[in-house]
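For reference, the structure is listed below as structure tokens.
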Amino acid sequence: MKGPYVAYNTKGTQIERLKQIWIQVYIARYYHMQYDKYYDYRRNIYPEFPINPNTNLNDDKTKIPMRWQYPENELLYNKEQYLAALDRQWGGTDNVNNVMWLLK
């Protein structure tokens, strides 16, 4: 395709070119692969979404969570391993804003 909105910007910085690719991927996946868009956002922090502190359910009203919490069933049926995993990864807290090891 051609045109200023879809043509690949070969003269932009590396980040500008990556952002152009990321936004096209986001648009292409809009109705499909819902979780993949979240994983891409979490990895790239792009596209930049407006965050409304009045409707944000995260404890930190300025952020989108960086990971899922462990399911409650893990605490109920696998408590020993659940607590060991929390200690090993995040100092004993199951906080959705902690950055996962694979993103560090």
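The values are calculated or read from the model by the stated rules, or taken from the named source; none is laboratory data. This structure is a prediction, so every number in the text was calculated from the model and none was measured. Methodologically, a virtual Cβ is constructed for each residue, glycine included, from the backbone with ideal geometry; neighbour enumeration extends over all protein chains shown. All accessible areas refer to the heavy atoms of the entire protein, side chains included, with ligands and DNA or RNA removed. Shrake-Rupley method; radii C 1.70, N 1.55, O 1.52, S 1.80 Å.
Give the number of residues within the range 62-79 that are outside any loop (DSSP other than H, G, I, E, B) and either aromatic (Phe, Trp, Tyr) or on the phi > 0 side of the Ramachandran plot (or both). So the answer is 1. Checking each residue in the range 11-61 for being under 30 Å from ASP94 (Cα atoms), in contact (Cβ under 8 Å) with a residue 24 or more places away in the chain and either open to solvent by less than 100 Å² (accessible area, probe 1.4 Å) or small (Gly, Ala, Ser) (or both) picks out TRP22, ARG42, ASN44, TYR46, PRO47, ASN58, ASP60. Could you check, for the range 1-13, whether at least one of its residues is at pLDDT 85 or above and either among the aliphatic types (A, V, I, L, M) or within 24 Å of LEU102 (Cα to Cα) (or both)? No, the range 1-13 contains no residue that is at pLDDT 85 or above and either among the aliphatic types (A, V, I, L, M) or within 24 Å of LEU102 (Cα to Cα) (or both). Could you say which residue among LEU76, LEU103 is open to solvent by 40 Å² or more (accessible area, probe 1.4 Å) and touching a residue at least 40 places away in the same chain (Cβ under 8 Å)? Being open to solvent by 40 Å² or more (accessible area, probe 1.4 Å) and touching a residue at least 40 places away in the same chain (Cβ under 8 Å) holds for just one of LEU76, LEU103, which is LEU103. Check whether at least one residue in the range 40-61 is in a helix (DSSP H, G or I), more than 14 Å from the chain's Cα centre (by Cα) and not acidic (Asp, Glu), and report yes or no. Among the residues of the range 40-61, not one is in a helix (DSSP H, G or I), more than 14 Å from the chain's Cα centre (by Cα) and not acidic (Asp, Glu), which makes the answer no.
Only a single criterion out of (1) of a type in the set (Val, Ile, Thr); (2) over 20 Å from LEU103 (Cα atoms); (3) surrounded by 13 or more Cβ atoms within 10 Å (Cβ to Cβ) is not satisfied by ILE64, namely (2).
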